[in-house]
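To start, the structure under review is shown below, and the notes come after it.
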Amino acid sequence: MPTYTATRPLEGDADEYFDYISDPENLPAYFPRMTEAHELPDGKVETTAHVDADRDGRDETVTSEATFDVDRAAREITWSAPGPHDYHGSLRLTEGGVELTIHTTSDFPGMQEALDGSLASIAENLAARA
């Protein structure tokens, strides 16, 4: 099971940073293939993304439900989505900055670059709001 991890120094106020990443409506602003994310009444999140889910070389629009758990005390968000790739991950604030980790059953080309880009987008979005 491949695990991808990206880290970045925390830029700005940690509370503001956590408030931003813990709001599921902000997910499309920093996960580039995600086009929509909405919190459901049961605490799950419905996401829509444009990805090559069936690995045929063509992107398709995929909508799915995922758990999205926010642990304010630990300053960590965890999520998981059912399916053949056992996709789950976490985004957490650490003493050294922010860490984004994804676990899946398959290698996905470009995943590491996507994670690095997601952390850069979060920092840019927060800087623009300041």
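No value in this document is a laboratory result; all are computed from the given coordinates. Please read all numbers here as calculations on a predicted model, not as lab measurements. Ideal geometry is used to build each Cβ from the backbone, glycine not excepted, and the neighbour counts take in all protein chains shown.
Key figures for this structure:
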| quantity | calculated |
| --- | --- |
| C-alpha long axis of helix 111-129 to longest principal axis of the chain, angle in ° | 40 degrees |
| Matching label, volume of the Cα convex hull per residue in Å³ computed from the structure shown, candidates (1) 125; (2) 142; (3) 106 | (3) |
| Within region 81-95, backbone nitrogen closer than 13 Å to the virtual label 7 Å beyond the Cα of F108 toward Cβ | 81-90 |
| Percentage relative contact order, the chain, counting C-alpha pairs under 8 Å, at least six apart | 30 percent |
| For region 71-84, 3J(HN,Hα) per residue [Karplus equation, 6.51 cos²θ - 1.76 cosθ + 1.60, θ = phi - 60°, Hz, x = Gly/Pro] | 10, 5, 5, 8, 6, 9, 10, 10, 8, 7, 10, x, x, x |
| Qualifying chymotrypsin sites (Phe, Trp or Tyr not before Pro) for region 19-83 [loop in DSSP, other Cβ within 10 Å: at most 16] | none |
| For region 1-41: rounded, prolate or oblate by the Cα gyration tensor [a/c cutoff 1.5] | oblate |
| Computed [θ] at 222 nm, deg cm²/dmol, the chain (DSSP H ≥ 4; -39,500 (n - 2.57); rounded to nearest 500) | -7000 deg cm²/dmol |
| Relative contact order %, region 1-61, counting alpha carbon pairs below 8 Å whose residues are six or more apart | 17 percent |
